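Structure first, then comments.
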Amino acid sequence: MISRLSSVMAATVMAFVAGGATAQEESTNQVAANTAWSVFEDQNPRECWAVSSPTETVNTRDGRVVAVRRGDILLMTFYRPEAGVNGQVAFTGGYPFASGSTVNLDIGGTEFELFSEGQWAWPASTSEDAQIISAFKRGVDAVLTGRSSRGTTTKDTFSLMGYTAAVEEAEKRCN
């Protein structure tokens, strides 16, 4: 299922988070930044995506807030015309999710279930991608709650300010 994500896109997203201009220039071209969201475009293969980091992260175990080490935490929507991908939502929690677990996505009380494999989670179908994208455009924030392979519950909040402009820019660039 991870094949839904391009390895080039994943590497580029990691370069985005690292914040190093040199790494970004080597792997992609950041073409726009809209508040909490940035837009990237890559040519080989042709793909465009909107991506954001969380505004708040809370990690708990046995009901207590705990400090944990996590990798990059990102929420994104991407387009890859050559593969027929026209708006796919993906989330990486920065840790391996518990085997067989799902990630809960809450957008203003509208909830979705994302399936996970390794550090990635995504909707089950393209119709759910479309529903989530529509909810993102109407929402204020998105809260993703997952469970790590070590039993930690994570709750990551992403601002949706600028999402509509960013995702429309990504879609325009890849269509």
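The values are calculated or read from the model by the stated rules, or taken from the named source; none is laboratory data. Note that the structure is predicted; figures quoted are calculated from it, not measured. Here the Cβ positions follow ideal geometry from the backbone for every residue, glycine too, while neighbour counts run over all protein chains shown.
What to note about this one:
- Considering residues of region 133-164 that are in contact with a helix residue (DSSP H, G or I) (Cβ under 8 Å, 6 or more places away or on another chain) and over 30 Å from Arg64 (Cβ atoms) only, the residue surrounded by the most Cβ atoms within 10 Å (Cβ to Cβ): Tyr163
- When region 52-75 is filtered for residues that are closer than 10 Å to Phe158 by Cβ and of a type in the set (A, V, I, L, M), the ones remaining, listed by number, are Ile73, Leu74, Leu75.
- Of the set (1) within 15 Å of the chain's Cα centre (by Cα); (2) buried (at least 18 other Cβ atoms within 10 Å of the Cβ), all apply to Ala130 but (2).
- Test: residue in region 100-116 that is modelled with pLDDT of 95 or more, in contact with a strand residue (DSSP E or B) (Cβ under 6 Å, 6 or more places away or on another chain), of a type outside the set (Ser, Thr, Tyr) and within 19 Å of Asp42 (Cβ to Cβ): no
- Of residues in region 44-60 being closer than 19 Å to Glu169 by Cβ and hydrophobic (A, V, I, L, M, F, W, C), the one surrounded by the fewest Cβ atoms within 10 Å (Cβ to Cβ): Val51
- Screening region 32-64 for residues that are of a type in the set (Asp, Glu) and in contact with a Lys or Arg (Cβ under 9 Å, 6 or more places away or on another chain) and picking the one that is modelled with the highest pLDDT gives Glu56.
- Matching residues, region 109-142, being free of Cβ contacts under 8 Å to residues at least 40 places away in the same chain, part of a strand (DSSP E or B) and in contact with a Phe, Trp or Tyr (Cβ under 8 Å, 6 or more places away or on another chain): Leu114, Ser116, Ala121
- Selection status of Ala166, under 22 Å from Glu56 (Cβ atoms), touching a residue at least 40 places away in the same chain (Cβ under 8 Å), among the small types (Gly, Ala, Ser) and not in a strand (DSSP E or B): yes
- Qualifying residue in region 84-94 (condition: within 15 Å of Lys172 (Cα to Cα), in contact with a helix residue (DSSP H, G or I) (Cβ under 7 Å, 6 or more places away or on another chain), of a type in the set (A, V, I, L, M, F, W, C) and at pLDDT 90 or above): no
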